[in-house]
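Accompanying notes for the structure given below.
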Amino acid sequence: DAKTTQPTSMDCAEGRAANLPCNHSTISGNEYVYWYRQIHSQGPQYIIHGLKNNETNEMASLIITEDRKSSTLILPHATLRDTAVYYCIVSLYNQGGKLIFGQGTELSVKP
Amino acid sequence: ETGVTQSPTHLIKTRGQQVTLRCSSQSGHNTVSWYQQALGQGPQFIFQYYREEENGRGNFPPRFSGLQFPNYSSELNVNALELDDSALYLCASSRFGASGTDTQYFGPGTRLTVL
């Protein structure tokens, strides 16, 4: 079973920041938080990952709480092309590649 | 840099037949993982191949099998197809090194329909 809990769906206005929450209260010390997104019928796209520090790249920012039990993915200026299902995944860096996907959050960016 | 590619894009088979799906890993990657995604669900891990051997398997029956070739490309074979095998099959490649498995990057998938 997935070790993460995410809201089923969220809406966001175009141009505004999209903040997607994820709970992972049973995360262990050496597990990373990964975010992927999947646009309808395409392969999942890697967004960002982190261990305990906040991370930022050209796509998004990842904020991980100090106790590591939850995190937030931030898309700073959402566009219509960001409409997708967003998956938060907890994974051991060296566990051999098994990503356990949950149901994800369906983000709808509206004009 | 070439990304992960999969073939074919779409495939239609009938129940009881066999199917082979193909995946070419991203340049510099030596590990391939396969996932099955049923409609409306998140992807489920089938197995992973590293150094041409299976390196971890999910809860799938033995009629799901795979191969990895010296160039790190991979095949997924499914025998005795069932209607429930209809799904999007995803391949992801990564680099497995001394510190473990790096981030996985996914291909576009193969849509399999079993009639």
Q: Would you work out which of B:His29, B:Gly66, B:Asn55 lies farthest towards the positive end of the dipole of region B:18-110, given +1 charges on the beta-carbon of Lys and Arg and -1 on that of Asp and Glu, about the Cα centre?
A: B:His29
Q | Karplus 3J(HN,Hα) series, Hz, for region A:39-54 with 6.51 cos²θ - 1.76 cosθ + 1.60 (x for Gly, Pro) | A | 7, 2, 6, 9, x, x, 10, 5, 10, 6, 8, x, 9, 9, 8, 5
Q | Under-5 Å amide H pairs with A:Glu106, H placed in peptide plane, nonlocal only | A | A:Ser9, A:Met10, A:Tyr86
Q) region B:1-46: which trypsin sites (Lys or Arg not before Pro) are DSSP loop and have at most 14 other beta-carbon atoms within 10 angstrom? A) B:Arg15
Q | Residues whose placed amide H lies under 5 Å from that of B:Asn30, excluding near-sequence neighbours | A | B:Ser94, B:Arg95, B:Phe96
Q | Estimated dipole of chain A in Debye, rounded to 20 [Cβ of Lys and Arg +1, of Asp and Glu -1, Cα centre] | A | 100
Q. Assuming R0 = 22 Å, what is the FRET efficiency of B:Thr14 and B:Ala38, from their Cβ-Cβ distance, to the nearest 0.05?
A. 0.70
(Q) Given points 7 Å out from each Cα along the Cα-Cβ axis, report the A:Ser25 to A:Glu58 separation in nanometres with one decimal. (A) 3.9
(Q) Explain nothing, just the number: dipole magnitude of region A:1-64 about its Cα centre with +1 on each Lys and Arg Cβ and -1 on each Asp and Glu Cβ, in debye rounded to the nearest 20. (A) 80
Q) Counting pairs on different chains as well as pairs 8 or more places apart, how many Lys pairs in the protein assembly as shown have Cα atoms under 18 Å apart? A) 4
Q. Spin-label point model (7 Å from Cα, Cβ direction): what's the B:Asn30 to B:Phe60 distance in nm?
A. 2.3
Q. Could you give me the ³J(HN,Hα) list for region A:56-67, computed from phi with Karplus coefficients 6.51, -1.76, 1.60 and θ = phi - 60°, whole Hz, x at Gly and Pro?
A. 9, 9, 5, 9, 6, 10, 10, 10, 10, 5, 4, 7
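The numbers here are math on the coordinates, done by the rules we state, and not lab data. What you are looking at is a predicted structure, and each value in this text was computed from that prediction instead of being measured. Don't worry about glycine lacking a Cβ; one is built from the backbone with ideal geometry, like all the others, and counts go over all protein chains shown.
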